[in-house]
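Undergrad: The structure is given below, and queries will be raised subsequently.
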Amino acid sequence: MKRKTIYFTAPRQVELREESLPALSADDVLVETICSSISAGTEMLVYRGQFPHLTDSHDSFSSDLNYPLAYGYACVGRIIETGKEVDKSLLDKLVFGFKPHTSAFICNPSSLIFAPASFSAETCSCLPNMETAVNLIQDAAPILGERVLVLGQGVVGLLVASLLKEFPLEMLVTADRYELRRKASLEIGVNDSFDPQLINLSSQTTPHTISQAISQTTSQSITKHQRAYAQSFDLTFELSGSPSALNDAIAMITFSGRVVIGSWYGEKKAPIDLGGTFHRSRIKLISSQVSTIAPELSGRWDKPRRFGVAWEALNRIQPQKWITHRFPIAEAEKAYELLDKNPQETIQILFTYS
């Protein structure tokens, strides 16, 4: 049997390769892919050649990356063949696999996650992003009545905002450069969503200076809420993928506030202003990554339990509503070009397979 797989071959170069699948082992299954979702933040680092060369025992997906590279980790499909020693009742089961974008794959069924019966393939493709969002919330541990800011309203940012909306917060505000994503955020029911590029923030920003900056712009997206955003938030999530956004996060966090950093910046760098109010304000910077569970939770939590929470959240939130584009696997190059050149038109991009 042949399969088609997307390969990143050099910066901004992708190709679709036809490959022969190996023979099916007795304890393996063959999965035919229905759809796979692009993880825009990570995959654009790979597409643009901005990934670091590192070996991380905790994160096999981001380790030892070199061109040519088959990448991705959100394949959903059905089991169409089983090995001789595999339970035949698994045939036709809808499953999720942490696999690159490929039309078919062979694996041991123990490495698959079986989808709840009522879930569509497109909903299942959002599982890794939802697991990431759940991990971010667990690492942040929001408190009753807190004021919370989420920088970045890509899919992970929207999922985090959706989960936070279920908390009894005093205020939930989001920020993103793109109007389409701010609109999606407001539809969740956040208190406000603004364009961070309209305000030049630094750790020297005060409520007075931010008020001045706002009063000097005529943009209709500036609201009365933003006049009090400098040094206002108890908790901020940095999910924009831009390292310079850490300056915005620091400028808007209050005394002893927490900044949870969920972005993977790869080789992107930016100067961070730690010489102003940062030190005296006892601001905490928290690194959050989904490959592991926080040590303080690992005695009670494991991956299956966290996936269970993620499935329940997918059922409540239904994030497939944020799929803006579906591309046949043969048009992979167009999909990545769109993300690279016109990200303002996208939220979630999906590959489809026939």
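The values are calculated or read from the model by the stated rules, or taken from the named source; none is laboratory data. In this text the structure is predicted, and so the values were computed from the model without any measurement. With ideal geometry, Cβ positions are generated from the backbone for all residues, glycine too; neighbour counts draw on all protein chains shown. All accessible areas refer to the heavy atoms of the entire protein, side chains included, with ligands and DNA or RNA removed. Shrake-Rupley method; radii C 1.70, N 1.55, O 1.52, S 1.80 Å.
Undergrad: Can you list residues whose amide H is under 5 Å from Val150's amide H, if they're 5+ apart or on another chain and H is modeled 1.01 Å from N?
TA: It is Val173, Thr174, Ala175, Phe237, by chain and number.
Undergrad: Hey, rough spin-label estimate for Leu90 and Thr324, points 7 angstrom out along Cα→Cβ, what's it come to in nanometres?
TA: About 3.8 nm separates the two model spin labels.
Undergrad: Further, regarding this structure: Run the helix sum for the chain: -39,500 (n - 2.57) per DSSP H stretch of 4+ residues, divided by residue count, reported at 222 nm to the nearest 500 deg cm²/dmol.
TA: -7500 deg cm²/dmol
Undergrad: Oh, and also: Which ³J(HN,Hα) values in Hz, rounded to whole numbers, follow from the phi angles of the stretch 237-252 under the Karplus curve 6.51 cos²θ - 1.76 cosθ + 1.60, where θ = phi - 60° and Gly and Pro get x?
TA: 9, 9, 10, 7, x, 10, x, 5, 5, 4, 5, 5, 4, 5, 5, 9
Undergrad: Now, a different point. Would you work out what percent of the accessible area of the chain, with all protein chains in place, is carbon or sulfur (probe 1.4 Å)?
TA: Values: 8030 of 16210 Å².
Roughly 50 percent, rounded to a whole number.
Undergrad: Just the number please: accessible area per residue for the chain, 1.4 Å probe, all protein chains included, in Å².
TA: Result: 46 Å² per residue.
Undergrad: For the stretch 67-78, just list the computed ³J(HN,Hα) in residue order, Karplus coefficients 6.51, -1.76 and 1.60, θ = phi - 60°, integers in Hz, with x standing in for Gly and Pro.
TA: 6, x, 9, 8, 9, x, 7, 8, 9, 10, x, 10
Undergrad: Now a separate question. Given [x] 74, 59, 34; [y] 61, 46, 41; [z] 70, 43, 37, which label gives Cα extents along the principal axes in Å as computed from the coordinates?
TA: Entry [z].
Undergrad: 5 Å is the cut-off here: which amide hydrogens, built 1.01 Å from N in the peptide plane, fall below it relative to Cys75, excluding neighbours closer than 5 in sequence?
TA: Gly97, Lys99
Undergrad: Past 27 Å, Cα to Cα: identify those pairs from Lys4/Lys183; Lys2/Lys93; Lys2/Lys303; Lys88/Lys334, in the order given.
TA: Values: Lys4/Lys183 36 Å; Lys2/Lys93 21 Å; Lys2/Lys303 33 Å; Lys88/Lys334 39 Å.
The pairs that break the limit, which is 27 Å between Cα atoms, are Lys4/Lys183; Lys2/Lys303; Lys88/Lys334.
Undergrad: Compute the helix-to-body angle for 303-317: its Cα long axis versus the longest principal axis of the chain, expressed 0 to 90° and rounded to tens.
TA: 70
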